[in-house]
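Colleague: Here you go, one structure.
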């Protein structure tokens, strides 16, 4: 635990002092993301009291039913980011094409996000989350950038990534490439407070998180892998929201897996909106992430909504599945 109370803004500003060349733009961008997280937290906590539970009747680009809270969360992020003037392009898992930014020609950053991960958990008040990532713009400011060119970058080029978890408390974790830092929202003052810095995944827990209901469609190596874990006394823990499963394993150790299968050979999770940002976070905590063949952060995306298999968590557990696949 930290020795003194620090809000997320104070913490970011202190870290900024370690970089004399910093302009403050990146700090403002992270604060805008934190603001969106706080607003979404309020909406989530009031979901059972207002008419924001249920489906809109629309189908999103992922061919999934859109929940009302999906749309609300998406709007909260766009609303928080647009006025900063720092973003030239925004990508959302809920929207097929890049979201246009008014007066964003000179923005130096690209933000991609999954506004509400685990939508199937909304109606039953189970944990859900937001995943976000920040890239530095590749094209020259004012050049009339091709948003796709700026967005289709491998995870190894990320400037920052993180997530917000809406559960028994609202927590925000992020990394800028120098460790993973965790904050908890104090509803009494409306601020994220630092509760853990430099998180480490020590690989201590014998836990796996995967949807075994899909195992009839799995490749044999994935069936054998889970069978091996069971024979060694591993416990299954699966919440059904990637952020929630990832967060638990980050704090306690373990592995999350969503393999490719006969129905979805290229996997189901989105590379840019889910896999890459969380892989950036886990590597900063000492863990690993792979698609079963290569490091997630080395995959160069070719599509905005590209999918990938994902094995992510403690380094020793990811090494095991890689060894079985070699």
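Colleague: Quick check: the distance between the Cα centres of segment 285-305 and segment 188-203, to the nearest angstrom?
Modeller: First find each Cα centre; the distance between them is then 25 Å.
Colleague: Let me ask something else about it. For the pair residue 211 and residue 125, what calculated FRET efficiency results from E = 1/(1 + (r/R0)^6), where r is the Cβ-Cβ distance and R0 = 25 Å, to the nearest 0.05?
Modeller: FRET efficiency, residue 125 to residue 211: 0.80.
Colleague: Of the candidates 296, 223, 189, which one comes out as most mobile in a Gaussian network treatment of the chain with C-alpha springs shorter than 10 Å?
Modeller: Comparing 296, 223, 189 in a Gaussian network model of the chain, the most mobile one is 189.
Colleague: So how long is each side of segment 207-325 along the principal axes, counting just the alpha-carbon atoms, biggest first, in Å?
Modeller: Each principal axis gives a Cα extent; for segment 207-325 these are 39, 32, 26 Å.
Colleague: Tell me, what is the percent relative contact order of segment 62-204, built from C-alpha pairs under 8 Å that lie six or more residues apart?
Modeller: Relative CO of segment 62-204 lands at 15 percent.
Colleague: While we're on this one: Once every DSSP H run of n ≥ 4 in the chain is given -39500 (n - 2.57) and the sum is divided by its residues, what mean residue ellipticity at 222 nm do you get, rounded to the nearest 500 deg cm²/dmol?
Modeller: That comes out to -8500 deg cm²/dmol.
Colleague: Taking other Cβ within 10 Å of each residue's Cβ, how do 291, 18 sort, fewest first?
Modeller: 18, 291
Colleague: In percent, how large is the relative contact order of segment 133-245, given Cα pairs closer than 8 Å and 6 or more residues apart?
Modeller: 16
Colleague: Something else about it: Rg to Rh ratio, the chain, alpha-carbon atoms and Kirkwood radius?
Modeller: That ratio is 0.95, to two decimals.
Read-outs: derived from the displayed coordinates by stated rules, not from any lab. Quantities reported herein were computed from a predicted structural model and do not represent experimental measurements. FYI the Cβ positions are ideal-geometry reconstructions off the backbone, even for glycines, and counts take in every protein chain you see.
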